[in-house]
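See structure below.
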Amino acid sequence: MPGGMPNLQVNGERLWASLMELAQIGATPKGGVCRLAASDLDGQARRLFIRWCEEAGCTVRVDKIGNIFARRPGRDPHLAPVMTGSHLDTQPTGGKFDGAYGVMAGLELVRTLNDLGYETTAPIEIVAWTNEEGSRFSPAMVGSGVFAGVFDLAEGLARPDNLTGVTLGAELERIGFAGPEPVGGCPVAAYFEAHIEQGPILEAAGKPIGVVTGAQGQRWYEITVTGQEAHAGPTPMPRRRDALVGAARMIDAVNRIGHAYAPYACATVGFVRVSPNSRNTIPGQVFFTVDFRHPYDPVLSHLRQACQEAASAIGLEAEVKEFWYFPPTPFHPDLVAAVRNAAGAQGYAHQDIISGAGHDAVYMARVAPSAMVFVPCIGGISHNEIEDAKPEDLTAGCNVLLNAALDRANAAGPPSTFKPDGSR
Ligand SMILES: [Zn+2]
């Protein structure tokens, strides 16, 4: 199909019906879903997904970390697949759409191609990643992380259940999803993931489609401010080296940096420990944490400078330790353009957006050209049993996913070379 997009449409009612049927597995009284990774219910959801994929003519493989791949062949079996999907596990008080939407949208895409008898050039693969939520087994995004080489397989399988200590590997074995296939190592031509936004931006803008251009970087800092303990009475104000006053100024600076780079920067101090924490002693030491997120790395370093300035103003020492770093992830420009063009061709109002949360696509972006499609969720609420989305928005997102995926599955050659760190 040379010269532009075919502009096909999915069956939105069928997509909705599949989502609602899937949501019965682990349904909670408040209308949410509790389907923890590698639990019996996760196994049940996986088997339903596999049955639906096989009914749609796909060949299903399961790898050693339990990731499920369902392939619809293309005209050229030698080409790497265009992959799309998300995860089937949920938070303990999760909703019907987080993760499930991306997997069911992939299934609906394949069902639509079947209805139309449409043959793509490259194969299409629907994927359900293991343990995206990181709720039962931390960290998050283990299945896609092992696939992308972020964690090794043994490390992934050894993750213990946060309550009982039983390992992810043992639980996958028990539910029948410790598959035989090696994890990763095979080329993926493109990875698309459809997901609810899990934030309020699209709903507030009244737009059904978010063209996700990348994911925010995260830096977690641990800051220790050291002054001098002294008696609260006899110590005159000019002689004090009050660590808590310094920390308070730093916390205010953290907040101001967050506001200065709105709407995408998020800056949070969520933990503070004051020493000695006594009402008539000037605090000698304060420890606090900072969770700082922004799509552009240079902004993240402003924090260090602000802390040093606050400390030196009143003769304190501040040790700023970077505890964890997750670089900003730009998605592949060709795939982002395919998503944007598909939204435009369907006549959907859309805007570029940055993902504030982690997703499997963020790890996939390290090994394959990747992009995401966001749709609004009601009130921007997710990780909650009341999580909800409008059927027409879910249909819109799936239409965009379908046409963006077709753009890549019918592309003449591989996408242009692209390195996730932004260099070329
Ligand atoms: Zn998710």
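The values are calculated or read from the model by the stated rules, or taken from the named source; none is laboratory data. Source: prediction; values computed, not measured. Cβ atoms come from the backbone with ideal geometry, glycine included; neighbour counts cover every protein chain shown. Ligands, DNA and RNA are excluded from the accessible area calculation, which covers all protein heavy atoms including side chains. Shrake-Rupley method; radii C 1.70, N 1.55, O 1.52, S 1.80 Å.
Annotations for the structure displayed:
- Computed over the chain, relative contact order equals 23 percent, with contacts defined as Cα pairs under 8 Å that lie 6+ residues apart.
- Each residue of the range 236-253 was assigned a 3J(HN,Hα) from its phi angle through the Karplus expression (A = 6.51, B = -1.76, C = 1.60, θ = phi - 60°), giving x, 4, x, 8, 7, 10, 8, 5, 6, 5, x, 4, 4, 5, 5, 5, 5, 5 Hz with x at Gly and Pro.
- Global form of the range 338-415, assessed from the alpha-carbon gyration tensor, a/c cut-off 1.5: oblate
- Sites K390 and Q351, calculated FRET efficiency, Cβ-Cβ separation with R0 25 Å, nearest 0.05: 0.90
- For the peptides 125-135, 312-322, residues were scored by their other Cβ atoms within 10 Å and the scores averaged per peptide; the highest-first order is 125-135, 312-322.
- Other residues with beta-carbon under 10 Å from the beta-carbon of L22 carry, at +1 per Lys or Arg and -1 per Asp or Glu, a net charge of +1.
- Contour minus Cα-Cα distance for M20 and A313 (0.36 nm per residue): 99.6 nm
- Charged-residue dipole, Cβ positions (Lys, Arg, Asp, Glu), the range 172-266 about Cα centre, Debye nearest 20: 560 debye
- Dipole of the range 243-326, positive end: most advanced residue of I282, I314, N255 [Cβ charges, Cα centre]: I282
- The chain: angle of helix 391-409 to the longest principal axis, Cα-based, in degrees nearest 10: 70 degrees
- Calculated FRET efficiency for the pair A337/H231, C-beta based, R₀ 56 Å, to 0.05: 0.30
- Additional length obtainable on full extension of the chain from E173 to R273, 0.36 nm per residue less Cα span: 31.8 nm
- Heavy-atom surface analysis with a 1.4 Å probe gives the chain a carbon and sulfur content of 54 percent of its accessible area.
- Placing +1 on each Lys and Arg Cβ and -1 on each Asp and Glu Cβ, with no other charges, gives the chain a dipole about its Cα centre of roughly 720 debye.
- Prolate/oblate/rounded label for the range 1-92 (Cα gyration tensor, a/c 1.5): oblate
- Rolling a 1.4 angstrom probe over the protein heavy atoms with all chains in place gives the chain an accessible area of 42 Å² per residue.
- Take the Cα of E322, step 7 Å toward its Cβ, do the same at T289, and the gap between the two points is 1.9 nm.
- Stretch gain in nm, segment T59-A205, where the contour uses 0.36 nm per residue and the Cα spacing is subtracted: 48.5 nm
- When the Gaussian network model of the chain links Cα atoms closer than 10 Å, the mean-square fluctuations of P81, P182, P295 top out at P182.
- Value at 222 nm in deg cm²/dmol, rounded to 500, when DSSP H runs of n ≥ 4 in the chain each add -39,500 (n - 2.57): -10000 deg cm²/dmol
- Translational diffusion coefficient of the chain (Stokes-Einstein, Kirkwood radius from Cα pairs, 25 °C, 0.890 mPa s): 107 µm²/s.
- Where only C-alpha atoms are counted, convex hull volume of the range 41-143 per residue in Å³: 91 Å³
- Formal net charge of residues neighbouring S275 (Cβ-Cβ distance under 13 Å; K, R +1; D, E -1): -1
- Unpaired cysteine residues in the chain (no second Cys Cβ under 4.7 Å): C34, C186, C266, C307, C377, C398.
- Net charge of neighbours whose Cβ lies under 11 Å from the Cβ of A265, counting Lys and Arg as +1 and Asp and Glu as -1: +2
- DSSP-defined antiparallel bridges as percent of all bridges, the chain, nearest 5: 70 percent
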